[in-house]
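Notes for the one structure printed next.
The values are calculated or read from the model by the stated rules, or taken from the named source; none is laboratory data. These numbers were taken from a predicted model, which means no experiment stands behind them. Glycine also receives a Cβ, built like all others from the backbone with ideal geometry; neighbour counts cover every protein chain displayed.
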């Protein structure tokens with residue numbers, strides 16, 4: 001997303017793109033805490049049901065859904081610090097790293113092509 005603005009030398013748009021990407025990150029500390037608090041509240045309310053007002057099969061299905069959500073909350077807590085580490089590099093740095101890597105790959109290919117042409121010419125000019 002931010003390759004085009006950087007390639008077109010419009011760094012302001014690249015920074016805007018980085019801000020947009022930041023807003024889409026789902027595992028901020030606040031969001032993880034909110035999920036944990038919400039899960040605790042739902043479990044507290046769910047524990048108040050004893051099976052007399054709500055059929056027990058519905059309680060079992062609800063408990064399974066809460067457990068699945070609990071797994072997602074646990075994953076959020078596990079993934080959040082790792083995503084922070086992974087996204088600590090600014091988007092412009094990532095783009096320039098890709099551009100430099102692509103340029104060095106193109107340069108290596110060109111050198112390889114020149115070397116192979118010289119080698120084939122040297123073989124063709126040798127006396128038989």
Quiz prompt | For residue 60: the one exception among (1) surrounded by 12 or more Cβ atoms within 10 Å (Cβ to Cβ); (2) closer than 30 Å to residue 41 by Cα; (3) over 18 Å from the mean Cα position of the chain (by Cα) | solution = (1)
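Taking residue 50 as the residue in question, decide whether it is outside any helix (DSSP H, G or I), more than 24 Å from the chain's Cα centre (by Cα), loosely packed, with under 12 Cβ neighbours inside 10 Å and modelled with pLDDT of 70 or more. Spell out the reasoning first.
Numbers: outside any helix (DSSP H, G or I): yes; more than 24 Å from the chain's Cα centre (by Cα): yes; loosely packed, with under 12 Cβ neighbours inside 10 Å: yes; modelled with pLDDT of 70 or more: yes.
In short, yes.
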Practice problem: For segment 65-92, name all the residues that are surrounded by 11 or more Cβ atoms within 10 Å (Cβ to Cβ) and modelled with pLDDT under 80. | Solution: 83, 84, 87, 90, 91, 92
